[in-house]
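The values are calculated or read from the model by the stated rules, or taken from the named source; none is laboratory data. None of the values given here were measured: they were computed from a predicted structure. All Cβ positions, glycine included, derive from the backbone under ideal geometry; neighbour counts span all protein chains shown. Just the protein is used for accessible areas: all its heavy atoms, side chains included, with ligands, DNA and RNA removed. Shrake-Rupley method; radii C 1.70, N 1.55, O 1.52, S 1.80 Å.
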Amino acid sequence: MKESDKNFSYSKPQIWICDLTYTQQTVASDTIPMAIGCLATYTEKQLPWLNPIKIFKYPQKLCDTIEKEGFPEVMCFANYIWNFNLSYEFAKFVKKKSPNTIIVFGGPNYPVVEKEQIDWLKKNNLIDFYIVKEGEIPFVKLIEQLVSKKFQLEDVKKSKVPSAHCVLNDGTVILTPPAERIKHLSEIPSPYLDGRLDEFFDGTLMPLVQTNRGCPFTCTFCVEGVGYYNKINKYCHEKISLELDYIGKKMKSIREKGGRNDLFIADSNFGMYKEDLDVARELAKTQKKYGWPNYINVATGKNVKHRILETSKIIGGALRLSGSVQSLDPKVQENIKRKNISAEGLMDLALSASEIGANSYSEIILGLPGDSKKAHFNTIKTVIEAGFNSLYLFQLMILPGSEMSTLESVEKYGMDIKYRILPR
């Protein structure tokens, strides 16, 4: 790649947002990048004078665009546990070739404790700003500050944009409090309906939608278990309906060409709320109209069994019901703050699913705090006897951004953390 000789425009900057995936053996993260699409459409709505924001999923496309166009004023990366190394290598290259490009990271793969955040930022010092929690509102404020201060980086950092963590030249770390969340999610223009995501309907990636954000549960192994996400905010039904119809039409064409025909719903507890019944009815319409989706990848709700079952009946065999107990040992459940989830209800789900002809599965995690060989085997035995169609066994993965990843939690439960190769 050639070094950029582009003259930067600080009054109308070019912004690129990347949600990168490995592609060597397979496309590891195989969903359409809806989240960064939302970030782009919301930012352009609030700052209509911006140049259109470019979004990227495939590393090669990003390389080709850099080769052709040079570097943007702002390059952003969605940070997950599965793509951080890939994204940071791109950040290294960008900073080497174009030191004035502002590097912004954001996403759940980030510590929750202040001291650990400070250490992380100093270790990964090529990142100019890290956006914590929900990104739309603070990202808009950050771009406004960059433009108003003519990209004088130190001045922007000292302006203390909410949710924008950074390190000053003298080593001082600025950890601003989280920005407010968007309460009415339909304020975010749909990246599907404006055609922003059309290029990603390639037969390889799976469409991803979200009908709400947040989770009322406090599981310590999950990023959404922290208090910030406990309030559920929702999209309006009209927007969801229009999106599903738009996606269904696209997927019909893809299926006819031999591509995939499924859907990923990013909700944490689909089927647990009354609005989910309306979403299910819309999906039943697209099934009839377009033959899509024939399979839905989603985590169904952990309580309100009757509504989950009704949701499943509406969509037919496309939805598998999850009764993911993780552990049925009372002490383990207490340690992971999962006592407000009805274990009995999850177990009853398997029997009820078989009665309506629906498939069901359960997940169990080995190595949770307080777990033992005996407790683990007892959970497996109970779940098998409950009649779930499938059983998935996982080793505990420590996710940065979760309560369980904190040094306090690690020391409290004497966890011996090691690395291993991830599948795919």
Restricting to the range 375-424, count the residues that are closer than 30 Å to Val112 by Cα and small (Gly, Ala, Ser). 6
Counting only residues that are touching a Gly at 6+ places or on another chain (Cβ under 7 Å) and not aromatic (Phe, Trp, Tyr), give me the helices (runs of 4 or more DSSP H) lying completely in the range 326-424 with at least 2 of them. 330-335, 343-355
Hey, Val167 under 26 Å from Gly37 (Cα atoms) and either buried (at least 17 other Cβ atoms within 10 Å of the Cβ) or touching a residue at least 12 places away in the same chain (Cβ under 8 Å) (or both) or not: no
Out of all the residues in the range 69-83, which are part of a helix (DSSP H, G or I) and at positive phi? none
Of the residues that sit in the range 58-83 and are among the aromatic types (Phe, Trp, Tyr) and open to solvent by less than 10 Å² (accessible area, probe 1.4 Å), which one is nearest to Val27 (Cα to Cα)? Phe77
Per the list (1) at pLDDT 95 or above; (2) open to solvent by less than 30 Å² (accessible area, probe 1.4 Å); (3) not polar (S, T, N, Q), residue check on Ile308 breaks on (1)
Leu86: in a loop (DSSP other than H, G, I, E, B), surrounded by fewer than 22 Cβ atoms within 10 Å (Cβ to Cβ) and either at pLDDT 95 or above or touching a Leu at 6+ places or on another chain (Cβ under 8 Å) (or both), yes or no? no
Test Ile55 against the stated conditions and say whether it is assigned to a strand (DSSP E or B), open to solvent by less than 40 Å² (accessible area, probe 1.4 Å) and β-branched (Val, Ile, Thr). yes
Selection count where residues are over 21 Å from Asn79 (Cβ atoms) and either open to solvent by less than 30 Å² (accessible area, probe 1.4 Å) or touching a helix residue (DSSP H, G or I) at 6+ places or on another chain (Cβ under 7 Å) (or both), scope the range 181-194: 7
List pairs: first residue in the range 171-182 and without any contact (Cβ under 8 Å) to a residue 24 or more places away in the chain, second residue buried (at least 16 other Cβ atoms within 10 Å of the Cβ) and assigned to a loop (DSSP other than H, G, I, E, B) anywhere in the structure, Cβ distance under 8 angstrom, at least six positions apart or on different chains. Thr176/Val161; Thr176/Pro162; Thr176/Ser163; Pro177/Pro162; Pro177/Ser163
Please count how many residues of the range 319-347 are farther than 15 Å from Leu391 by Cα and surrounded by 23 or more Cβ atoms within 10 Å (Cβ to Cβ). 2
The condition from (1) out of contact with any Leu (no Cβ under 6 Å at 6 or more places or on another chain); (2) more than 15 Å from Leu328 (Cα to Cα); (3) modelled with pLDDT of 90 or more; (4) surrounded by fewer than 16 Cβ atoms within 10 Å (Cβ to Cβ) that Gln395 misses is numbered (1)
List every residue pair whose Cβ atoms sit under 7 Å apart, with the two residues 6 or more apart in sequence or on different chains, where the first one lies in the range 92-111 and is under 25 Å from Ser405 (Cα atoms) and the second, anywhere, is open to solvent by less than 50 Å² (accessible area, probe 1.4 Å) and of a type in the set (Asp, Glu). Val104/Asp128
Options Leu126, Leu193, Leu121; residue that is at pLDDT 95 or above, assigned to a loop (DSSP other than H, G, I, E, B) and under 30 Å from Met404 (Cα atoms): Leu126
Spot the failing condition for Glu363; the list is (1) at positive phi; (2) crowded, with 16+ Cβ neighbours inside 10 Å; (3) of a type outside the set (Ser, Thr, Tyr), and only one is missed. (1)
Within the range 55-72, is even one residue under 26 Å from Leu185 (Cα atoms) and among the aliphatic types (A, V, I, L, M)? yes
For the range 263-276, the count of residues that are open to solvent by 20 Å² or more (accessible area, probe 1.4 Å) and not in a loop (DSSP other than H, G, I, E, B) equals 3
Collect the residues in the range 90-132 that are of a type in the set (A, V, I, L, M) and open to solvent by 20 Å² or more (accessible area, probe 1.4 Å), keeping them in residue-number order. Val112, Val113, Ile118, Leu126
Looking only at the range 288-305, which residues are over 21 Å from the mean Cα position of the chain (by Cα), open to solvent by 50 Å² or more (accessible area, probe 1.4 Å) and modelled with pLDDT of 90 or more? Lys288, Lys289, Asn294
List, please: which pairs have Cβ atoms under 6 Å, are six or more places apart or on different chains, and start with a residue in the range 223-243 that is surrounded by fewer than 14 Cβ atoms within 10 Å (Cβ to Cβ) and end with one that is not small (Gly, Ala, Ser)? Asn230/Pro216
